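Notes follow the structure.
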Amino acid sequence: MNFLKNGKLYGGVTIFTICFTIIIFLLQMLYSDLSVILGLNVLFLEGFLWQPLSTMFVHGGLAHLAMNMAVLFQFGTLIEQARGKKFFVLLYYAGGIVTSLLTLAYIYFFTDHQMNVVGASGAICVLIGWIAQKDSFNRQGLIIAILLISFLPLLIGMNIAWYAHLIGFGVGWLIGKFFR
């Protein structure tokens, strides 16, 4: 992938986001309470209003972080190169916040409220949903990938926020469909 095109750096915001996420993860390893303070949970309703954004930077372990950052690098740099930094920032962060808020609604209305959702998966799925809506050639493969990453881990006993994946994908799809 060419990160320098016409004298402009492409992928820089994605790479900054990845580096910032890694820094937060390292801090999380030092201060275990950060997972609850920055993760997405019912504390949002008690005034922790930063959680819909901050949850994207907290992860459940090194494997979770590595997987999410690899996929973010793949799709984030692609979108940033094709559509620009501002578009990437709006799609990833605004889409991620909307996904977090809808995920919080799911937690509130359909679970026992004792959940703490962490990770960038929902925001990353926004990117994938947007690409799937725009790219009919790769759409089927992207949909299958989302279904696999959402449900296959459940079959082997992993605790993942499958609903955040599906919500994020849907948010990205709708953004792609209704906003040019």
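The values are calculated or read from the model by the stated rules, or taken from the named source; none is laboratory data. As the structure is a prediction and not an experimental result, all values here were calculated from the model. Cβ sites come from the backbone with ideal geometry, for glycine too, and all protein chains shown count toward neighbours.
Evaluation of residue 119 against the conditions (1) outside any helix (DSSP H, G or I); (2) crowded, with 18+ Cβ neighbours inside 10 Å; (3) modelled with pLDDT under 95 shows that the sole unmet condition is (3). Within region 130-180, which residues are among the polar types (S, T, N, Q) and in a loop (DSSP other than H, G, I, E, B)? Passing the criteria: 136, 138, 159.
Scanning region 35-57 for residues that are within 28 Å of residue 85 (Cβ to Cβ) and in contact with a helix residue (DSSP H, G or I) (Cβ under 8 Å, 6 or more places away or on another chain) yields 38, 39, 40, 50, 51, 52, 53, 54, 55, 56, 57.
For the structure I just gave you, tell me whether residue 95 is over 26 Å from residue 62 (Cα atoms) and modelled with pLDDT of 95 or more. Judged against the criteria, residue 95 is not a match.
Of all residues in region 46-68 being farther than 21 Å from residue 19 by Cβ and touching a residue at least 40 places away in the same chain (Cβ under 8 Å), which is farthest from the chain's Cα centre (by Cα)? Before the answer, list the steps.
Step one: filter region 46-68 for residues farther than 21 Å from residue 19 by Cβ, giving 46-49, 51-52.
Those still in the list that are touching a residue at least 40 places away in the same chain (Cβ under 8 Å) too: 51-52.
Values: 51: 13, 52: 11 Å.
The selected residue is 51.
Residues that are crowded, with 19+ Cβ neighbours inside 10 Å, of a type outside the set (Ser, Thr, Tyr) and over 18 Å from residue 51 (Cα atoms) do not occur anywhere in region 108-115. Within region 75-83, not a single residue is closer than 19 Å to residue 151 by Cα, more than 14 Å from the chain's Cα centre (by Cα), buried (at least 17 other Cβ atoms within 10 Å of the Cβ) and at pLDDT below 95. From the list 65, 127, 104, the one residue that fits, being in contact with a strand residue (DSSP E or B) (Cβ under 9 Å, 6 or more places away or on another chain), buried (at least 17 other Cβ atoms within 10 Å of the Cβ) and in a helix (DSSP H, G or I), is 104. Among the residues of region 32-62, those that are out of contact with any Gly (no Cβ under 6 Å at 6 or more places or on another chain), assigned to a loop (DSSP other than H, G, I, E, B) and either of a type in the set (Lys, Arg) or crowded, with 18+ Cβ neighbours inside 10 Å (or both) comprise 39, 41, 60. Of the candidates 71, 98, the single residue that is under 22 Å from residue 162 (Cβ atoms) and either in contact (Cβ under 8 Å) with a residue 60 or more places away in the chain or touching a Lys or Arg at 6+ places or on another chain (Cβ under 8 Å) (or both) is 98.
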